[in-house]
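Novice: My questions will all concern the structure given below.
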Amino acid sequence: MKAVEKLEQLQNQFGVWTEADPAVMEAFGGMVQASFENCAPLDAVTLELLIVAVAVARKCEPCIYSHVNSYIDAGGTREALVAGLNAALLICGGPGMAYSALALDIFDQLKEAKEQQ
């Protein structure tokens, strides 16, 4: 499955969860918003890069898709992503390499799709 299709599938799943328990998703959304509003002195690109590295370390594939997309939207570059993923690889070894490769592939696919729009 292509990254764009997988991201859409995951976003639909998040919507299903929102319908199932709107109060929890509203609270989660509030936490996300507060985290981004209180992340100074980090900019959005740096924060998203950190989130991607943690998602790779935690092996959270839905998180990787979602936050690689947000990283691109924030203006993140491939070179900086590789540098950030090196930290996950250092901490996680082989699994970090596998999920870092996935994150980089997702970046390449989503970036190309956005450039074609």
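Novice: First select every other residue whose beta carbon is under 15 angstrom from the beta carbon of E112; then total the charges, Lys and Arg +1, Asp and Glu -1.
Specialist: So the environment of E112 carries a net charge of 0.
Novice: So I have (1) 44; (2) 50; (3) 57, and one of them is percent of Cα pairs over 17 Å apart calculated from this model. Which one is it?
Specialist: (3)
Novice: By how many degrees, 0 to 90 and rounded to 10, does the Cα axis of helix 78-116 deviate from the longest principal axis of the chain?
Specialist: Helix 78-116 sits roughly 70 degrees off the main axis of the chain.
Novice: Give the angle, between 0 and 90 degrees and rounded to the nearest 10, that separates the Cα long axis of helix 61-73 from the longest principal axis of the Cα atoms of the chain.
Specialist: Between helix and principal axis, roughly 80 degrees.
Novice: Could you compute the net charge surrounding G84? Neighbours are other residues with a C-beta less than 14 Å from the C-beta of G84; K and R count +1, D and E count -1.
Specialist: -2
Novice: Continuing with the same structure: Could you state the angle between the C-alpha long axis of helix 22-37 and the longest principal axis of the C-alpha atoms of the chain, as a value from 0 to 90 degrees rounded to the nearest 10?
Specialist: The angle comes out at about 50 degrees.
Novice: Return the single residue from A20, A83, A44 with maximal mean-square fluctuation; model: Gaussian network over the chain, springs between Cα atoms under 10 Å.
Specialist: Greatest mean-square fluctuation among the candidates belongs to A20.
Novice: Return, in residue-number order, each cysteine of the chain whose C-beta is not under 4.7 Å from any other cysteine's C-beta.
Specialist: C39, C92
Novice: Which residues does a label at E112 reach in segment 1-25, if reach means a backbone N under 19 Å from a point 7 Å past the Cα toward the Cβ?
Specialist: 1-9
Novice: List the lysines whose Cα lies under 22 Å from the Cα of K59, skipping any in the same chain that are fewer than 8 positions away.
Specialist: Straight-line reach from K59, under 22 Å: K2, K6, K111.
Novice: As a test of the formula, what do you get for the chain when each DSSP H run with n ≥ 4 contributes -39,500 (n - 2.57) and the sum is divided by the residue count, at 222 nm and rounded to the nearest 500 deg cm²/dmol?
Specialist: Value at 222 nm, helices only, nearest 500: -30000 deg cm²/dmol.
Novice: Projected onto the charge dipole of the chain (+1 at Lys/Arg Cβ, -1 at Asp/Glu Cβ, origin at the Cα centre), which of Q11, L85, V24 gives the Cα projection farthest towards the positive end?
Specialist: Among Q11, L85, V24, the one farthest towards the positive end of the dipole of the chain is L85.
Novice: Next question. Using only alpha carbon pairs under 8 Å that are at least six residues apart, calculate the relative contact order of the chain and give it in whole percent.
Specialist: Result for the chain is 29 percent.
Novice: Using 0.36 nm times the number of residues separating N12 and E61, minus their current alpha carbon distance, what extension gain do you get?
Specialist: The span from N12 to E61 would gain 16.1 nm if fully extended.
Computed from the coordinates by the stated procedures, all read-outs in this text should not be read as laboratory data. It should be emphasised that the depicted structure is a prediction, and the values quoted were computed from it without experimental measurement. Backbone-built Cβ (ideal geometry, glycine too); neighbour counts: all protein chains shown.
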